[in-house]
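Trainee: I'd like to ask some things about the structure below.
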């Protein structure tokens, strides 16, 4: 496995309500890019669009993928946009039809929010073409849309507010790696949705939802005589505390502290929410034992990938150790997607 840092400058809107500038517009299959390679991808997508629909797209947009560093869909999220891109080529016709074609340079199910990135690219294109929608933006879409170089985003702590916090990995000689186990969401059989329903029902009995519950309501759920509800709620309580601690530590410039909180989050996902797998746990253990400052499951869980925060000088050693640990346990070596 070859190693390279994951985090890189995303190029997206500076604010949810900000109008797109000319530099954002993908007219003539030109997109705002991080380099010539993305321009070439846009050109290829535009050519494929023309061959399929018999006309060039009116706009081609590009948005980055997003990773969740802490939190999740049951509460606040600390996320970051990364150097993988989804592209959308779009045009509208006189009769109101929308023709669109998308592509991305990262796989589905690897914890990079593939669907959110593609949706965000399409919605940006439609906004450019005067066809905005009134749908709410998901955390993944907002992270892709609002991510800035050298920052992470806090979403959901305050309704309607997105906060940027510094995440200058280079200043700390750190790299963020994505190690993909190749296992694809064993929760497709409904296991993940079942966990959500358990919490939804328990929260509804208190007149709230898992995402909007107050600390007092979450404490009540965590103390439930139903052990499953108690475990799930305990994860939400401790994860909110970890996210708040991360924001404070990052605000103080302590990027390395994020790694400890990511690892603690993974242990909670494993022991309380129980959405990890032996393969994911093994990857986290091997990475941390070889010098990573922290690691956490990426995405929804029950398969997928692991995010690893590691000193840049230790990247090669960590990747090698993770591969060896996987082989010893009978798993394929996790694959790192090239940055």
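Trainee: Filter region 94-120 down to residues that are within 24 Å of residue 47 (Cβ to Cβ), at pLDDT below 90 and more than 13 Å from the chain's Cα centre (by Cα), then give me how many there are.
Mentor: Adding up the residues that qualify gives 2.
Trainee: Could we say that residue 167 is at pLDDT 90 or above and either assigned by TED's automatic domain parsing to the domain that holds residue 72 or within 30 Å of residue 320 (Cβ to Cβ) (or both) here? I'd like the intermediate steps shown before the answer.
Mentor: Values: at pLDDT 90 or above: yes; either assigned by TED's automatic domain parsing to the domain that holds residue 72 or within 30 Å of residue 320 (Cβ to Cβ) (or both): yes.
Yes; evaluated as a whole, the condition is true for this residue.
Trainee: Shifting gears a bit: Return the residues of region 148-173 that are assigned to a loop (DSSP other than H, G, I, E, B) and within 17 Å of residue 293 (Cβ to Cβ); say none if nothing qualifies. Spell out how you get there, then give the answer.
Mentor: First, pick out the residues of region 148-173 that are assigned to a loop (DSSP other than H, G, I, E, B): 148-150, 156-161, 167-169, 173.
Listed by number, the residues that qualify are 167, 168, 169, 173.
Trainee: Which of the residues spanning region 138-147 are out of contact with any strand residue (DSSP E or B) (no Cβ under 7 Å at 6 or more places or on another chain) and part of a helix (DSSP H, G or I)? Steps first, please.
Mentor: Quick first cut of region 138-147, residues out of contact with any strand residue (DSSP E or B) (no Cβ under 7 Å at 6 or more places or on another chain) only: 138, 141.
141, the sole residue that qualifies.
Trainee: When the residues of region 269-278 are narrowed to those that are assigned to a helix (DSSP H, G or I) and crowded, with 16+ Cβ neighbours inside 10 Å, which ends up farthest from the chain's Cα centre (by Cα)?
Mentor: Step one: of region 269-278, the residues assigned to a helix (DSSP H, G or I) are 269-273, 278.
Then keep just the ones that are crowded, with 16+ Cβ neighbours inside 10 Å; that gives 269-270, 272-273.
Numbers: 269: 16, 270: 19, 272: 21, 273: 19 Å.
Filtering first and then ranking leaves 272.
Trainee: Does at least one position in region 298-312 carry a residue that is over 11 Å from residue 284 (Cβ atoms) and part of a helix (DSSP H, G or I)?
Mentor: yes
Trainee: Mind checking which residues of region 110-137 are assigned to a loop (DSSP other than H, G, I, E, B) and touching a residue at least 24 places away in the same chain (Cβ under 8 Å)?
Mentor: The first filter runs over region 110-137 and keeps only residues assigned to a loop (DSSP other than H, G, I, E, B), leaving 110-113, 129-137.
Correct list: 110, 111, 112, 113, 129, 131, 137.
The values are calculated or read from the model by the stated rules, or taken from the named source; none is laboratory data. These numbers were taken from a predicted model, which means no experiment stands behind them. Using ideal geometry, Cβ is built from the backbone for each residue, glycine included, and neighbour counts are taken over all protein chains shown.
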